[in-house]
Amino acid sequence: MSEPCFPWSRRSVASLLALLLATTSAAQAGQTGAGQLADLELEQLLGLEVYAASRFPQPMAEAPSAITVITGEDIRQFGYRTLADVLRSIPGLHISSDHVYEYLGVRGIRRPGDYNAPILLLIDGRRQNDNVYEAAAIGRELPVPIERIERVEFVRGPGSSVFGSNALFGTINVVTRDPASQQGWRVLAETGTAGLYRGYLQFDTPLSTDTRLQLSAAYGQREGEDLHIPGLAASPDGEGHFRDLDHERFQQFGAKLTSGAWTLQAAHGERLKQSPLPIYGADPGNPDNRYRDRQGYYSLDYQGGAGQDWLLQGQLFGGYYDFRGDLAYDGVLNRDRGIGGWWGGELNGVYGGFVGHRLLLGFDFQRDFRQQQRNYDLEPYFLYQDTRQQGLRAGVYVQDDWRIRPWLSLNTGVRHDVYSEFSAVTTPRLALILRPRPRQTVKLMYGRAYRVPSSYERYYEVEGFEANPDLVPEVASSWDLIWENRVSDTLRLQTAAQWIRVHDFILQNPDPESPAFTNAGTAEAGGLDLMFDKHWPAGLRSRGSLSLQRASDATGDLPDAPRWLLKLHNSLPLLGTSRLGVELLGVGQRRTGPGSSSSSSYWLLNLTASSIRLRPGLWLAASIDNLLDRHYTDPGSPDLLASGIDAVPGEGRQLRLRLSAEF
């Protein structure tokens, strides 16, 4: 029997609605001018320039894509801890966790254990997916701490026409803060339940008239929660309880130097995560089961004009990734390594000399000089795998933004990529943008995108895990229709419909006698987002979304594919400069594996009081996540299914206090 869509009682739902209405009323009665973001009119927000849609800055309202922007002010007001928390708040996206990594589902499509490879992750416009697993890091393994994020841009749908591989279902662009114009320090200390403590330090200084430097460092540790997996007899107590086995330690370092049109930056992050679960059949509850992720990047960027009609952008970049997984099997510790290194560059120009046209021409390449995978037992030493690959990709792209009439625009783009190990791929995009009335916009878009299989999917091979070097890229076609109505300067309504079809969909095969990953066939997803964004006169901002969607293949609904998502966000002024963020998140029922097993639908209520001024330059913030301590589960990965675990418990109530100082 299926679970009801809304698991709360009528009284609980009524209480929540009363709370949301009360916050709205309180804000209307509060003082005006409280809160920087809530005072911004929608016209200003829609004029915000975004990069991730077309690979050059353009107003969000003119971009040929469906875009959501979460600002740094949003991050502070709702107390987001990681990039995963930010993405969880965006319409049509949902997050799952196996207590090692966070996984992102788009329009209900999330292949369990895919490490977010169908999503392109950019940091300041630079590709950040590693070259071994093609993973997009959205948890604490991301080398950028949350305090350094200026905004997050999420572009729904295909982005391969400008960015190439991985931009299958969407593109994330994390924009980091530039160094401040005045010398100063920022210090933050955070503590919370589950043994959390964390610190952040940032120093900004001008070196000359137009040269500025920013240095930052973050360190944190969390003991984690005690977990209970009902029915798992192979736990330390024989009843599925795991205590003091969910520890996490993380650190991040960054440097950013800006001088005129030039930017030089580098970042490094490292995370060590303990896992009590029998991932890949490991001994459950063994304290030696640990995962370590190290990754970083460095880049030199240029953006400047060349004559009256040209905007030039250039970049040289490099990156590295080092994964180490230690898992115990019958007391023998096995070590799994994935080591990647790459460098590359890009050059593009935006030309505006043709009347009514804005033309983008560009070229980029990436050299993967190291893609190594090793697997071996430590004592007694036994080597199972040591494979090493290298690769090269290069692409050229062109895009034309044609303003046919003041109310009609046509955006066309195409990209051609060549690979050292795959056939060449060509991906187009077409967008028709109409403005039937001054405050209304209609966008009709079609695009194709692709993702090349990762080195891990093609070459990883240990006992029970067969390699498949013959994998081919998966290709997605997508249609999007968006209608946006700016009812007034303070109210925006949006309806967005999307249909996606994926060919040669790469899935993990549970049969140990067959290749571990195969091109399994076709998957489809369709959905509708209903969104609103309202700025009230008293400094309150309300935004919300309802997503109705379905993702399926020939066997039925895909695993971990909720049919509905509901998200409500209220940010309102309290006393003085302080604000209260109220976030309500609802996720529909999801299939967990073969048969009729499923994770029930659930609701989470999160509260954050931010910008509480204790004295000049000293601020306090407090957050309660999952205020009502609702118990919920996320579908497990295929390797956990093999151990009899089809769902993993989510986090319970979490309390955090943050004290920050600026001087």
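Read the figures in this text as sums done on the coordinates, not as results from a lab. Computed from a predicted model, the values in this text were never measured in an experiment. Don't worry about glycine lacking a Cβ; one is built from the backbone with ideal geometry, like all the others, and counts go over all protein chains shown.
Rg over Rh for segment 149-211 works out to 1.18, using Cα positions for both radii and the Kirkwood form for Rh.
With R₀ set to 25 Å, the beta-carbon distance separating Val487 from Leu444 gives a calculated FRET efficiency near 0.70. Computed from point charges on the beta carbon alone (+1 for Lys and Arg, -1 for Asp and Glu), the dipole magnitude for segment 10-662 about its Cα centre is near 2420 Debye.
Arrange Thr258, Thr490, Thr555, Thr171 by Cβ neighbour counts within 10 Å, fewest through most, would you? Walk me through the numbers on the way to the answer.
Working: Thr258 18, Thr490 15, Thr555 10, Thr171 28.
Listed from fewest to most nearby Cβ atoms, that is Thr555, Thr490, Thr258, Thr171.
Dipole size of segment 509-663 about its Cα centre, with +1 on Lys/Arg Cβ and -1 on Asp/Glu Cβ: approximately 1160 debye, rounded to the nearest 20. Using alpha carbons only, the radius of gyration of the chain set against its Kirkwood radius gives Rg/Rh = 0.94.
Within segment 190-208, name every residue whose backbone N is under 15 Å away from a label modeled 7 Å from Cα of Leu614 along the Cβ vector. Of the residues in segment 190-208, 190-192, 198-200 have backbone N under 15 Å from the label point off Leu614. Across segment 255-398, Cα pairs under 8 Å and at least six residues apart give a relative contact order of 17 percent.
Distance between the modelled labels on Ala306 and Arg370, one decimal in nanometres: 3.4 nm (7 Å Cα→Cβ projection).
Fully extending the segment from Ala255 to Leu48, taken as 0.36 nm per residue of separation minus the present Cα-Cα distance, adds 72.0 nm. Stretching the chain fully between Thr191 and Leu264 yields a gain of 23.0 nm (0.36 nm per residue, less the alpha carbon separation). If you plug the beta carbon distance of His228 and Ser477 into 1/(1 + (r/R0)^6) with R0 = 45 Å, you get a FRET efficiency near 0.55. Of the residues Trp185, Pro230, Val144, the one whose Cα sits farthest towards the positive end of the charge dipole of the chain is Trp185 (charges of +1 on Lys and Arg Cβ, -1 on Asp and Glu Cβ, taken about the Cα centre). Which aspartates and glutamates, if any, have their Cα less than 19 Å from the Cα of Lys534, not counting same-chain residues under 8 positions apart? Cα-Cα hits under 19 Å: Asp39, Glu41, Glu43, Glu73, Asp74, Glu484, Asp489, Glu583.
For the chain, the mean residue ellipticity at 222 nm estimated from helices alone is -2000 deg cm²/dmol, where every DSSP H run of n ≥ 4 contributes -39500 (n - 2.57) and the total is divided by all residues, rounded to the nearest 500.
Only one residue of Ile482, Thr555, Ser161 has its Cα farthest out toward the positive end of the dipole of segment 10-662, where Lys and Arg carry +1 and Asp and Glu -1 on Cβ, and that residue is Ile482. Placing pseudo-labels 7 Å out from each Cα toward the beta carbon at Val418 and Leu359 gives an inter-label distance of 2.3 nm.
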